[in-house]
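The values are calculated or read from the model by the stated rules, or taken from the named source; none is laboratory data. Predicted model only: the values in this text are computed from it and were never measured. No Cβ is skipped: glycine too gets one built from the backbone with ideal geometry, and neighbour counts run over all protein chains shown.
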Amino acid sequence: MDDQTKLTMQSQDLSDLKFAQLQALFPQVFTEAKDEDGNTIRAINTELLEQEINTKVLDGKKERYEFTWPDKRQAIRMANTPTNAALRPCREESVDFDTTENLYIEGDNLEVLKLLRETYLNKVKMIYIDPPYNTGKDFVYRDNFTESVGSFLEKDGQYDELGNRLVTNLESNGRFHTDWLNMMYPRLKIARDLLTDDGVIFISVDDGEIENLKKICHEIFGSTNHIATFVWKNKYGPGAFTRGIASLHEYILCYGKVFPDRIDTELSEEEQIKYKLKDSKYPTRGGFITQPLATLSKDDRPNLVYPLVHEGVEIWPNKQWIWSKDRLSRAYENDEIVIKEKHGKYSVRFKQYLRDENGKMRSGTPLSLITSVFNQDGTKEITNLIGRGVFDFPKPVDLVKKFLSLIINGNEDCDFTILDFFSGSSTTAHAVMQLNAEDGGKRKFIMVQLPEETPENSPARSAGFETISDIGKERIRRAGRKIKEESPITTTDLDVGFRVLKLASSNMKDVFYTPDETLQTDLSFDGLVNNIKEDRSDEDLLFQVMLELGIPLSSKIEKRDGVFYVEGTYLIACFQAVDNEQIKEIAQKEPYYVVFRDSSFANDSDSINFGQIFATYSPHTKRRVL
């Protein structure tokens, strides 16, 4: 039987977790030491650790190859520290709140990523981000290393609601690259945790920071997991105001959680046209092209050196064939080999069909050079949906669709989650919905965007958009409607909704987290009983509970008679007063999790009965109290 457990209502401290994991592996190397202030702290005996792992452990004074900058250690700590922030649902700004599996989260993306880490650990197949390019004009997050999440600074347009400052990163401030790296490092570190084992991340960047971005990605993802650096020709040609050499490209860095065994893409229409040759023997396989069967470039393989007998003549490769003898023999018997003779020399090629025996179209090899979609396309798309000038330089839908369509390790899965935590105008969400409409996929999106204010007197403000997130949400609404209108038959079940959640401070009062530090004279009786902020709803509490229990934020929720049912009876939560009969009724549904408030029970006797009732009717239910 699982005893009832008090919820912490905050994310996990990864530093403590990693310490515990290392201590479990090497308990003998851990000791205690004194810090500069004379306080006892945990420490590691590096000599013992070196003996255990038979590897040199370097201290901070040793020279080694590394990439560093001011505050890097702080940036690493930022990725590991917990947060007690909450995500509050906003039904009035959502679309199809009760049925959609898509999420739009408004708030500082570092805090949001920390909140998502446990629930979405190893569950995101693809991440695409287009972060600020650090041009000296873009805003960057200057994360607050000293204030706790519960400490708020007065909002004056320069701070987000969690005390993180937005700054224009001018070169004159002396921290041009430092601030940008400190902003990116902890976010990418958490992003890696979210990726599935075959997951990939794509990061748009320009010349200004590509070298630095590549170095920190090598460190976080591993240099061996660098899949590609895509060069995107993003403009048709030089603009009217170009001086000197025109820059016509940007980059998209691509890394995997691990390096994939193979990565393919769908053939474009231009590539499909190349399969012109016809074969009456296999009409369902479409046209074909021929490819050479011999190779000079591969390593020597003696088993690939043998004669092909054709019309009594032995044909030998100059170096070796690319196929084994058995495979080539089968292809020859099936008339899949094309042999031509000229002046006594033989050309041996094999037929490469457009489709396989089951009619499935073959895939192609992705190219690192992208020349088929341009910035102007992205501008045209948002202009048609929202209006002219409301958002500068949005990425084109087809650019993101290219990455969404990649086939990793032969898996053409169209049911996965994609995350964009610099979502801007929500191009990524638009691309997900558009591609799902085209191929019937079930891809889901999570968009994260800071509610950065639009400039005064800007086209965006004039159109009624006070923040960037307002633009992103409205784009998804309009794009979803447009996609459904254009394909009403094929998009019947298409999910074009999204559940809006907004980052806020914890739903719990300070006394919940620091009961030992709160003076008795500071507490009223009500303060002892009600540890939840007065302006928070039961649904607010539910979403913070879901995060702590690792339940996806897109889960189906029903509310009946004041009781929440999440994914049927996976979680049953009640934050109102209950009696023994109601507890018994809930227990008989045998939920996996059940959550009540302390104040749900009239007295200690009812609290004890709660445990006894569940021990009788549903002993395996995990019981939680807040």
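Residue count for region 475-498 satisfying the condition of being touching a Phe, Trp or Tyr at 6+ places or on another chain (Cβ under 7 Å) and closer than 15 Å to G387 by Cβ: 0. The lone criterion from (1) among the small types (G, A, S); (2) within 15 Å of the chain's Cα centre (by Cα); (3) part of a helix (DSSP H, G or I) left unmet by A437 is number (2).
Okay, residues lined up against (1) in contact with an Asp or Glu (Cβ under 9 Å, 6 or more places away or on another chain); (2) farther than 21 Å from D495 by Cα; (3) assigned to a strand (DSSP E or B); (4) in the same structural domain as I476 (by TED's automatic domain parsing):
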{"residue": "T379", "(1), (2), (3), (4)": "yes, yes, no, yes"}
{"residue": "I382", "(1), (2), (3), (4)": "no, no, no, yes"}
{"residue": "D398", "(1), (2), (3), (4)": "yes, no, no, yes"}
{"residue": "C414", "(1), (2), (3), (4)": "yes, no, no, yes"}
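On the basis of being surrounded by fewer than 16 Cβ atoms within 10 Å (Cβ to Cβ), in the same structural domain as T428 (by TED's automatic domain parsing) and among the polar types (S, T, N, Q), does N122 make the cut? Spelling it out, N122 is indeed surrounded by fewer than 16 Cβ atoms within 10 Å (Cβ to Cβ), in the same structural domain as T428 (by TED's automatic domain parsing) and among the polar types (S, T, N, Q).
A Cβ distance below 7 Å, combined with a sequence gap of six or more or placement on separate chains, defines the contacts here; from region 344-366, residues that are farther than 19 Å from R330 by Cβ reach residues that are acidic (D, E) and surrounded by fewer than 16 Cβ atoms within 10 Å (Cβ to Cβ) in the pairs G364/E271. Within region 472-486, track down each residue that is farther than 17 Å from T428 by Cα and either touching a Lys or Arg at 6+ places or on another chain (Cβ under 7 Å) or surrounded by 14 or more Cβ atoms within 10 Å (Cβ to Cβ) (or both). Passing the criteria: only K484.
For region 287-305, state whether one or more residues are of a type in the set (G, A, S), under 30 Å from V373 (Cα atoms), surrounded by 14 or more Cβ atoms within 10 Å (Cβ to Cβ) and modelled with pLDDT of 90 or more. Talk me through it step by step, then tell me what you get.
Filtering region 287-305 for residues of a type in the set (G, A, S) gives 287, 294, 297.
Filter again for under 30 Å from V373 (Cα atoms), leaving 287.
Checking the rest, the ones that are also surrounded by 14 or more Cβ atoms within 10 Å (Cβ to Cβ) come to 287.
After this cut, where a residue has to be modelled with pLDDT of 90 or more as well, the list is 287.
So far as region 287-305 goes, yes, one or more of its residues are of a type in the set (G, A, S), under 30 Å from V373 (Cα atoms), surrounded by 14 or more Cβ atoms within 10 Å (Cβ to Cβ) and modelled with pLDDT of 90 or more.
Per the listing K281, K351, K274, the residue uniquely among the basic types (K, R) and in a strand (DSSP E or B) is K351. One residue stands out in region 456-479 among those that are of a type outside the set (K, R) and in contact with a strand residue (DSSP E or B) (Cβ under 7 Å, 6 or more places away or on another chain): the one that is nearest to I105 (Cα to Cα), namely S469. Tell me, which residue of region 443-467 that is under 20 Å from the mean Cα position of the chain (by Cα) and not polar (S, T, N, Q) is farthest from V400 (Cα to Cα)? Of everything passing the filter in region 443-467, P451 is farthest from V400 (Cα to Cα).
Conditions tested, residue by residue: (1) closer than 25 Å to N530 by Cα; (2) modelled with pLDDT of 95 or more; (3) out of contact with any Lys or Arg (no Cβ under 9 Å at 6 or more places or on another chain).
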| residue | (1), (2), (3) |
| --- | --- |
| G568 | no, yes, no |
| F575 | yes, no, no |
| E581 | yes, no, yes |
| Q588 | no, yes, yes |
| V595 | yes, yes, no |
| N603 | yes, no, yes |
| I608 | yes, no, yes |
| F614 | yes, no, no |
| R624 | yes, no, no |
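With respect to the conditions (1) part of a loop (DSSP other than H, G, I, E, B); (2) over 20 Å from L116 (Cα atoms), R475 lacks only one, and its number is (1).
Only a single item in (1) under 30 Å from E357 (Cα atoms); (2) surrounded by 12 or more Cβ atoms within 10 Å (Cβ to Cβ); (3) in the same structural domain as I407 (by TED's automatic domain parsing) is not met by D261, and it is number (2). Condition first: part of a loop (DSSP other than H, G, I, E, B), under 29 Å from the mean Cα position of the chain (by Cα) and closer than 21 Å to T99 by Cβ. Can you find one or more residues in region 572-595 that meet it? No, because not a single residue in region 572-595 is part of a loop (DSSP other than H, G, I, E, B), under 29 Å from the mean Cα position of the chain (by Cα) and closer than 21 Å to T99 by Cβ.
Take the conditions free of Cβ contacts under 8 Å to residues at least 40 places away in the same chain, at negative phi and not hydroxyl-bearing (S, T, Y) and apply them to K281. Does it pass? Here the answer is no, as K281 does not meet what is asked.
Restricting region 171-211 to residues that are part of a helix (DSSP H, G or I), surrounded by fewer than 19 Cβ atoms within 10 Å (Cβ to Cβ) and not charged (D, E, K, R) leaves a set whose member that is nearest to the chain's Cα centre (by Cα) is I210. Taking the conditions (1) without any contact (Cβ under 8 Å) to a residue 60 or more places away in the chain; (2) outside any loop (DSSP other than H, G, I, E, B); (3) surrounded by 13 or more Cβ atoms within 10 Å (Cβ to Cβ) in turn, P394 satisfies each one other than (2).
Among the residues making up region 600-626, those that are buried (at least 17 other Cβ atoms within 10 Å of the Cβ), assigned to a helix (DSSP H, G or I) and touching a helix residue (DSSP H, G or I) at 6+ places or on another chain (Cβ under 6 Å) are F610, I613, F614.
Regarding L113, is this residue part of a strand (DSSP E or B), closer than 30 Å to M546 by Cα and under 27 Å from the mean Cα position of the chain (by Cα)? Steps first, please.
Numbers: part of a strand (DSSP E or B): no; closer than 30 Å to M546 by Cα: yes; under 27 Å from the mean Cα position of the chain (by Cα): yes.
Here the answer is no, as L113 does not meet what is asked.
The single condition among (1) within 30 Å of N411 (Cβ to Cβ); (2) modelled with pLDDT under 65; (3) not charged (D, E, K, R) that L194 does not satisfy is (2).
Working carefully through the options I245, I216, find the one that is surrounded by fewer than 16 Cβ atoms within 10 Å (Cβ to Cβ), farther than 25 Å from F416 by Cα and among the β-branched types (V, I, T). Before the answer, list the steps.
Working: I216 fails: surrounded by fewer than 16 Cβ atoms within 10 Å (Cβ to Cβ).
None of the other options fit; the residue is I245.
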